[in-house]
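Below you'll find the structure, written out as structure tokens, and then a few comments.
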Amino acid sequence: MISDKPLSQRPIYGVVLAAGEGTRMKSSVPKPLHKICGRSLLGHVLFSLPSKIVEKVIIVVGSNSEDFVQEVQSLSLEFEVVFVEQTLKRGTADAVAVAVEYLSKIGQEIDILVLSADTPLLKTSTLESFIDTHRNNSYDCTLMTALVDDPFGYGRIIRNKNQDVEKIVEQTDADDFEKQIREINAGIYCFYLAELITSLSFISPDNAQNEYYLTDVIQHQVSKQLSMGVFCVPDPIEIYGVNNKLQLSFAQTAMRERINQTWIQNGVHIVDPSNAYIDIQVILDQDVVILPGSILSGQTQVGAGSQIGPNSELNNCIIGQRAVINHSALQNCQVGPNCKVGPFTVIEANVVLDEGTVGASFSTISSNNNNK
């Protein structure tokens, strides 16, 4: 059934699933709170949401909600965030049902964007196009897919002879033929809430994992002949999910390459992009030169024409124009224009170097202005 009300007029609410235990990370830190390039996986996902479209975000968490609240409070988000708790881990459909219970109090004439907290490489532009596909075609449900060379671990998109989506089969439930299918489920959906509520009531845990699969909603909506759209993401790397430390490292590498490419396109000279580590919140002006072995993290800002490196580390530092930082480590300090620091200089927190200062080599500069 297609609603009489155009989807383009409905408000969009985000639902981020973050209640998984993440046991494969082998860590006391919840999986969505692990960081790549200076921001948590959850933070990357939240910043990928188009703030001009999404009115509010509901994050489904487990028992450690305090950690998630603190993380979100540390972010400068442009939309309201609400936390709801999934007390029993009974699968993705159950997690969405917890969010739906909250959303249904707002009303059923809304659309929800569902995604997981472990896909940090998503781009805002991709989600905007995905939402446009859903709304502009008046779909009751739209799912994001990707074509990959190695589909292992992902749900497979099963299509009928007319190439319409028939169902999604999880890896653990797929037969040998289905496991060869290269089109995978990205785990990202847009749903018309009124129809989603109905579909969730038909889901059962009759599967290999004894869980309520959100993918079973698709099969139910197909059986009801609801309108369904498919959006194939242009670059499959965007839907890459992080489930263990090896995948975390892969995501970190991919994000670092993306950050470095962006700065190069904006006029920064990174001599060896494979050997420069720049966090996502770092700000660089044009004609900054980054030499190999440099690590720029936190809220670091570097002025035009400055040279960083080789083998220098800056954390939460403000560097003026045309400064040179050579083989040195700086922490929470300010370096004025035309300063020269290093080689082998350590500058501690709260130090301010005036314009043109030459920092002594092989020394530590502290806030009491005594060289050690």
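A straight Cα-to-Cα reach below 16 Å connects Lys56 with the lysines Lys105, residues fewer than 8 places away in its own chain not being considered. Note that the stretch 23-154, at 37 °C in a medium of 0.692 mPa s, gets a Stokes-Einstein diffusion coefficient of 202 µm²/s from its Kirkwood radius over C-alpha pairs.
Each label was represented as a point 7 Å from its Cα along the Cα-to-Cβ direction; for Glu85 and Ser204 these points are 3.1 nm apart.
Straight Cα distances below 23 angstrom link Lys340 to the lysines Lys372, with same-chain residues fewer than 8 positions distant left out.
I need the Debye-formula profile for the stretch 266-365: one equal scatterer per C-alpha, no solvent, reported as log10 I(q)/I(0) at q = 0.13, 0.16, 0.24 1/Å, two decimals. Evaluating at q = 0.13, 0.16, 0.24 Å⁻¹ gives log10 I(q)/I(0) of -0.35, -0.54, -1.31.
Straight-distance candidates among the lysines for linking to Lys123, with alpha-carbon spacing under 18 Å and chain neighbours fewer than 8 residues away dropped: Lys35, Lys52.
Taking the chain as the reference, fit the longest principal axis to its C-alpha atoms, fit the long axis of helix 92-103 to the helix C-alpha atoms, and give the angle between the two in degrees, 0 to 90, nearest 10. Roughly 90 degrees between the two axes. Shape summary of the chain, radius of gyration then Dmax from alpha carbon positions: 24.0, 78 Å. Just check the stretch 88-187 against the gyration tensor rule for me: Cα atoms, a ≥ b ≥ c as the square roots of the eigenvalues, rounded for a/c under 1.5, and otherwise prolate or oblate depending on whether a/b exceeds b/c. Since a/c reaches 1.5 and a/b is larger than b/c, the shape of the stretch 88-187 is classed as prolate. So what's the back-of-envelope 222 nm ellipticity for the chain, counting only DSSP H runs of four-plus at -39500 (n - 2.57) apiece and dividing by all residues, rounded to 500? Counting only the DSSP helices, I get -6500 deg cm²/dmol.
Laboratory data are not the source of any read-out in this text; all were calculated from the coordinates shown. Quantities reported herein were computed from a predicted structural model and do not represent experimental measurements. Because the Cβ atoms are built from the backbone with ideal geometry, glycine has one as well, and the counts that use them run over all protein chains shown.
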